[in-house]
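Peer 1: First the structure, which I've put down as structure tokens, then a few questions once you've had a look.
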Amino acid sequence: MRRLFVISDLHLGGRPDGVNEAGEPVTGFQINNSYPALVEFIDWAGAVAKEDTATETELIINGDIVDFLSEDDFGDGLKGAQIWTADEAQAVLKLRQIALRTRGGDGRGVFDALRDFLAAGNRLTLLLGNHDVELSLPRVREELRDLLVGGDARMKFIYDGEAYTPGRVLIEHGNRYDRWNMIDHSALRQERSVRSRRLEVDEAVRQKRYFVPPAGTHLVIHFMNRIKARYRFIDLLKPETNAMLPLFLALEPDLKQYLEKIVNASPIVKLLLKHGLDGPVSMKWAGDMSAAAVEAAEEITLDKILLDTFDEAGTKGDARLFGVDVSAASGDLSATAPGGSGLEFTAGDLSVLSSLREQVAAAQQWFVTRAGQLKGTYESASTLLRMRRAETPEERYEQLHAALRRLNQHDRSFRLDHEESNYLDAARKTAADGDFDVILYGHTHLPKKIKLEDGAQPRWYLNTGTWCDVIRLPDAVAGDYDTAKPVITDFADALGRNDYSRFVRRYLSYVELLVDPEGRQRVAEPQLYSYCGRGRERSAPLTEAAR
């Protein structure tokens, strides 16, 4: 038998909070503030292995091990956080800096503890997430092995979109069921193939042939990291989808005009609503390697999208649709398709549709992939933008409370026995069709434990949560304004001052279970715990009833 300890979403790295030369506080980007506890946990797992010599011990880190999207001081000549650190030499140097960060100076860090865990004869398995994709590049994988073990066969790194299946347990990060963060592993494999031969990736054809990070990565780099430089809470707040915009409008009322421009100038959202694409967009099958393989809505056709685009351009001036620039000038429409080639044609020359078809096909595919995620964001923003601009702090807090109460009235994010349908449906199907007893995801930063089916041998879904800090909306949001006002104002003011330590929660959650690696024996009920420090390494099992 083999004992598994499973953790995820460590997000190691990021510049910590500090002060500048003038002695003023500078907001950092480190969201895992539990490095010492993590080192203790790894050492404790090794101690458990020593005591139980009859059972193999394996530590599994289920994705987002490090965070290449987090800003840090990487040194002269090195860029900070990027959508994609395509330069392998830079990615290697960033990984080394992250490893140093976990040591807190000259001490013993997380990678040192993992090396000792392996050296004691235990197993270590790492899975790729969506914030650490650069770990899959050939030279970066070599650096990772050097940091940990050299060439020890007991270390396994799964980086190619595969799930890990020890016996009757399936483990994967879970981002493939999140439309914002699906990784196109087919394109990533093509890029690794070229780089493994020390050949250059042709950036001019990246969109067609090589890896392009998902929309969630663009959101982190272009929006979240910029806002995070002022407001530290953006990485920590859950549920971020329904809480982020109302809080920003309360803290920064002038943000409203910029949100209005974004929403009103978005042809993709207008087309989305016009054609009624309001259902979820999902992977065709769980094992598909490509993020672009989605179920398309039958009513969305290429001709319809193009004609609507031309109509927008002809009647309302400039318009832009998924990388295709369409502008009205001298009675002609000029289209520049993704990839840089330009074509000029008149509005009545519909024969040009056939020549554009190949270039716009990728744009249509992108539209179908991203449409489902944009609709909820658009509706949430539209609801808020219909409110008049609050002129006083009192009005802002009233609007903040109303928005949070309405948008989060049915939120169950923090319930251990509730999971969003995109994850739970995928887990249930994989468990049944693949005949697994346990499905383990990470990615969401929220621990879960849910029985997928009853019976003498039930199947289970668990999420390992995170070792990073998490902020939860105050319970008072659900009450009337008179009751909620002091709590809401205190909460918003604390976030605005970056002084919110009393609102932070740390789960330090992990899953422990015994498996038969050959799959001959069924898996007993897995347990979800929190690490509470030396002497309290296993909390009481985490369940909704116990909580």
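Taken together, the values in this text are just the output of simple stated rules run on the coordinates, not laboratory data. The structure displayed is predicted, hence computed values, not measured ones. Note that we place each Cβ from the backbone using ideal geometry, even for glycine, and neighbour counts take in every protein chain shown.
Peer 1: In bins 5 Å wide, starting from 0, what share of all Cα pairs of region 130-229 does each bin hold, as a percent?
Peer 2: Spelled out per bin, shortest first, that is 2, 10, 17, 20, 20, 17, 10, 4, 1.
Peer 1: Sticking with this one: Could you tell me the calculated FRET efficiency between Thr543 and Glu51, based on Cβ-Cβ distance and R0 = 22 angstrom, to the nearest 0.05?
Peer 2: With R0 = 22 Å, the Cβ-Cβ based efficiency is 0.25.
Peer 1: How do 457-464, 391-398 rank on mean C-beta neighbours within 10 Å, highest first?
Peer 2: Result, highest mean Cβ count within 10 Å first: 457-464, 391-398.
Peer 1: Can you list the HN-Hα couplings for region 175-186, worked out from phi with the Karplus curve (6.51, -1.76, 1.60; θ = phi - 60°), rounded to whole Hz and with x for Gly and Pro?
Peer 2: 5, 5, 9, 10, 4, 6, 10, 5, 9, 7, 6, 5
Peer 1: Between Thr392 and Thr483, what length in nm is gained on full extension when 0.36 nm per residue of separation is reduced by their alpha carbon distance?
Peer 2: Stretched fully, the Thr392-Thr483 segment lengthens by 30.8 nm.
Peer 1: To one decimal place, what Kirkwood hydrodynamic radius in Å is obtained for region 66-221 from all pairs of distinct Cα atoms?
Peer 2: Mean inverse Cα-Cα distance, inverted, gives 16.7 Å.
Peer 1: Okay, moving on. Rg over Rh of region 1-146, using C-alpha atoms and the Kirkwood radius, what does it come to?
Peer 2: Computed over Cα atoms, the ratio is 1.01.
Peer 1: Let me ask something else. Compute the normalised compactness of region 502-547: alpha-carbon radius of gyration over 2.2 N^0.38 Å, N being the residue count.
Peer 2: For region 502-547, the normalised Cα radius of gyration comes out at 1.46.
Peer 1: Moving on. Please compute, over every Cα-Cα pair in region 176-224, the percentage with a separation greater than 15 angstrom.
Peer 2: 52 percent
Peer 1: If you take the beta carbon distance between Lys156 and Asp493 as r and set R0 to 60 Å, what does 1/(1 + (r/R0)^6) give as a FRET efficiency, to the nearest 0.05?
Peer 2: 0.80
Peer 1: When only alpha-carbon atoms are used, what values of Rg and Dmax, in angstrom, describe region 428-547?
Peer 2: Values for region 428-547 (Cα only, Rg and Dmax): 18.8, 60 Å.
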